[in-house]
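The structure under discussion appears below in the form of structure tokens.
Read-outs: derived from the displayed coordinates by stated rules, not from any lab. No experiment lies behind these values; they were computed from the predicted model shown. Glycine also receives a Cβ, built like all others from the backbone with ideal geometry; neighbour counts cover every protein chain displayed.
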Amino acid sequence: MSEGRRNRRAPRRFRMPIDAPATPAGGTPTAAVSRGRRAWRSQRGAGVTCFVLAALFAVLAAAAAADGSRIGAASPTAQATVVDVIQMYRRSEVALEFTTPDGRDVQARTDEYRGMPEVGDVLTVQYDPADPEAFVRELGDDTNRMYVVLFAALTVALVVGGVLGLRGRLPRWALNR
């Protein structure tokens with residue numbers, strides 16, 4: 001079966017190479033392509049860029065996983081009272097007070113909670129028994145797990161893009177042509 005007229009690409013002999021002269025045979029000058037743009041238009045440049053971005057997202061995924069690993073399903077819980085809501089740029093932090101089972105009074109701040117608690121609300125929180133002031137989150141808040149999954153998925157997609165780029169198999173739309 002033949003493809004539709006729209007989907008056919010021009011034969012290779014009629015395509016203009018990236019390093020074409022600034023003045024084509026027709027006589028009208030074309031805009032010069034910068035070195036950075038030529039590098040991105042190449043398969044190898046796009047592949048290397050994908051691998052660099054994949055490394056960045058892998059570090060972010062590892063940091064989010066390490067941050068969330070301090071509090072697990074087996075972490076102790078406590079009833080905490082919200083004593084202050086600290087407004088930040090896009091989200092707010094809450095200051096909490098709670099007592100551990102061994103009688104230790106803890107004052108902590110967290111941005112891992114659901115909804116918009118107000119001063120005086122009581123939240124069920126999980127905490128790290130080794131350092132309850134630093135690692136506290138509301139029970140059932142899985143925001144950190146979502147970040148780990150998101151960053152890991154982006155890492156995998158960028159690694160696939162890097163491999164395709166270094167093998168010269170990236171689609172044309174991905175090369176900014």
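So, in nm, how far is label Ala134 from label Ala55 when the simple model puts each one 7 Å beyond its Cα toward the Cβ?
Rounded to a tenth, the inter-label distance reads 2.8 nm.
What net charge is computed for the residues neighbouring Phe51, neighbours being all others with C-beta under 14 Å from the C-beta of Phe51, Lys and Arg scored +1, Asp and Glu -1?
Surrounding charge for Phe51 is +2.
For Pro132, what is the net charge nearby, where nearby means another residue's Cβ is under 13 Å from its Cβ and Lys, Arg count +1, Asp, Glu -1?
Around Pro132, the charge tally is -2.
Could I have the simple spin-label model distance between Arg145 and Ile86, label points 7 Å from Cα toward Cβ, reported in nm to one decimal?
2.7 nm
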